[in-house]
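To start, the structure itself, in structure tokens.
Values quoted throughout were computed directly from the atomic coordinates according to the rules given, and no laboratory measurement underlies them. In this text the structure is predicted, and so the values were computed from the model without any measurement. Using ideal geometry, Cβ is built from the backbone for each residue, glycine included, and neighbour counts are taken over all protein chains shown.
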Amino acid sequence: MIIGRFAPSPTGILHLGNLRTALASWLSAKSKGGRWVIRMEDVDGPRCQREFGEQQLRDLAELGLESDEPVIWQSDRSGAYREALTNLHELNRLYPCHCTRKDLQMLASAPHEEDGLRPYPNRCRHRPWEGLEAALRLHLPEGGVDWLDSALGRQSDDPAALTGDPLLFRRDGLYAYHLAVVVDDGAQGIMEIVRGMDLRSITATQIRLQEALSLPRPAYHHLGLVTAPDGSRLGKRAGAPGLEALHQRGIGTEEIIGWLGWSLGCMEKPEPSTAENLVTRFRWDHSPADFFRIPNTWA
Ligand SMILES: [Zn+2]
């Protein structure tokens, strides 16, 4: 049986783009008779707030999207992340890193033009082990990673060249996002990951981490993003309405679900619907991967 998931970070309200991803992941699992779970990715302590998470769960419930298992909060899972680090150390895949941001800036390799990112140059790889308290990086193997994305087709990325060895643990005690995601997907038996196109670029690194931990590789589906009416990216600030803002404009829950369902290819035109009514109409092969603009009157 398929297990899918929706894993928001409780750093604000869920906007229409987040809700579309949530509905798509739920429909994908339910249309195959599967289960669906919600996981709160609050590993990045300072930016996350419990109250935002609680509100997100209420908003999802309003759409009819409820977790089939108790919701996991990553802030409760440090024991599992620590165990994974221990395993990786025993496999000789971790090393301590003492580089500061300033050190890395001074190693002036040209930044990638588009995103300003430059890869970590793996300069601490040969440092001796110091225990689980230091900042820790994963030693990546050379070469590219291929995967099949059900929306985008065959994909290939070389995380060693793009980002260098990823940080899995910070000296201040925070576990890295990649580690938490991969460990939890493994522990929860997640077989299908549906998420926004903005997270496509981290897939190869996460696959490398799954391989290192001998975890199965889930199926991936990266969804086109919802944009503002003018086509600009939907930020968490302006022009990214959540349910409450939409209700204030007089737009009801079923109207919102209908629009989301239409944008996922479940209907010819947007009509009010429940999530349940969309299950039998949902097919990935109908669902366009490109961008969707929210209606003018909704922004
Ligand atoms: Zn370093």
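Taking amide H positions as placed 1.01 Å from N in the peptide plane, with prolines and chain starts having none, which residues 5 or more places from Arg137, or on another chain, fall under 5 Å of its amide H?
Tyr95, Cys97, Leu168
As a test of the formula, what do you get for the chain when each DSSP H run with n ≥ 4 contributes -39,500 (n - 2.57) and the sum is divided by the residue count, at 222 nm and rounded to the nearest 500 deg cm²/dmol?
-9000 deg cm²/dmol
Send over the semi-axes of region 199-286's equivalent ellipsoid, whole angstrom and largest first, taken as the square roots of 5 times the C-alpha gyration tensor eigenvalues.
Computed over region 199-286, the values are 31, 19, 12 Å.
I need the trypsin sites (Lys or Arg not before Pro) found in region 149-224, filtered to DSSP loop residues with at most 16 other beta carbons within 10 Å of theirs.
Values: sites: Arg154, Arg170, Arg171, Arg195, Arg200, Arg208; in loops: Arg170, Arg171.
Within region 149-224, the qualifying trypsin sites (Lys or Arg not before Pro) (loop, at most 16 other Cβ atoms within 10 Å) are Arg170, Arg171.
Can you spot the aspartates and glutamates whose alpha carbon is less than 15 Å from Lys30's alpha carbon? Ignore those fewer than 8 places along the same chain.
Partners found: Glu66, Asp68, Glu69, Glu192, Glu276.
Around Leu199, with a cut-off of 12 angstrom between Cβ atoms, what is the net charge of the other residues, counting Lys and Arg +1 and Asp and Glu -1?
That sum, taken over residues with Cβ under 12 Å, equals -1.
In terms of the Cα gyration tensor, with a ≥ b ≥ c the square roots of its eigenvalues, is region 78-184 rounded because a/c is under 1.5, prolate because a/b exceeds b/c, or oblate?
On the way: a/c = 1.86, a/b = 1.15, b/c = 1.62.
Oblate is the answer for region 78-184, as a/c is 1.5 or above yet b/c matches or exceeds a/b.
How would you classify the chain from its alpha-carbon gyration tensor, with a ≥ b ≥ c the square roots of the eigenvalues: rounded for a/c under 1.5, else prolate if a/b is greater than b/c, otherwise oblate? Can you show the working numbers first?
On the way: a/c = 1.87, a/b = 1.74, b/c = 1.07.
Taking the square roots of the gyration eigenvalues as a ≥ b ≥ c, the chain is prolate.
Using alpha-carbon pairs under 8 Å, 6+ residues apart, how would you state the relative contact order of the chain in percent? Walk me through the numbers before you get to the answer.
Values: 511 pairs, mean separation 62.9, N = 299.
Once divided by the residue count of the chain, the mean separation gives 21 percent.
Measuring from centroid to centroid over Cα atoms, what is the spacing of region 1-38 and region 166-221 in Å?
Each part's Cα centre sits 16 Å from the other's.
In nanometres, what is the gap between the two model label sites at Arg283 and Thr297, each 7 Å from Cα along Cα-to-Cβ?
3.1
Would you please give the residues with an amide H less than 5 Å from that of Asp149, counting only those at least 5 places away or on a separate chain, with H modeled from the backbone geometry?
Counting only residues 5 or more places away or on other chains, the set is Arg154, Gln155.
Quick check on the exposure proxy: order Cys266, Cys99 from fewest to most C-beta atoms within 10 angstrom.
With the sparsest Cβ surroundings first, the list reads Cys99, Cys266.
Rounded, prolate or oblate: which one fits region 14-83, using the alpha carbon gyration tensor with axes a ≥ b ≥ c (rounded when a/c is under 1.5, else prolate when a/b beats b/c, else oblate)?
In terms of gyration-tensor shape, oblate.
If the chain between Glu276 and Thr86 were fully stretched, how many nm would it gain, using 0.36 nm times the residue separation less the Cα-Cα distance? Intermediate results must be reported in sequence, preceding the final value.
Working: separation 190, 0.36 × 190 = 68.40 nm, distance 4.29 nm.
So the chain would gain 64.1 nm between Glu276 and Thr86.
Mean Kyte-Doolittle hydropathy of 1.6 or higher plus an axial Cα length of 24 Å or more: which whole DSSP H helices in the chain meet both?
none
Based on other C-beta atoms within 10 Å, arrange Tyr175, Tyr81, Tyr120 from fewest to most.
Tyr120, Tyr81, Tyr175
For the chain, which cysteines have no disulfide-compatible partner, meaning no other cysteine Cβ under 4.7 Å?
Cys48, Cys99, Cys266
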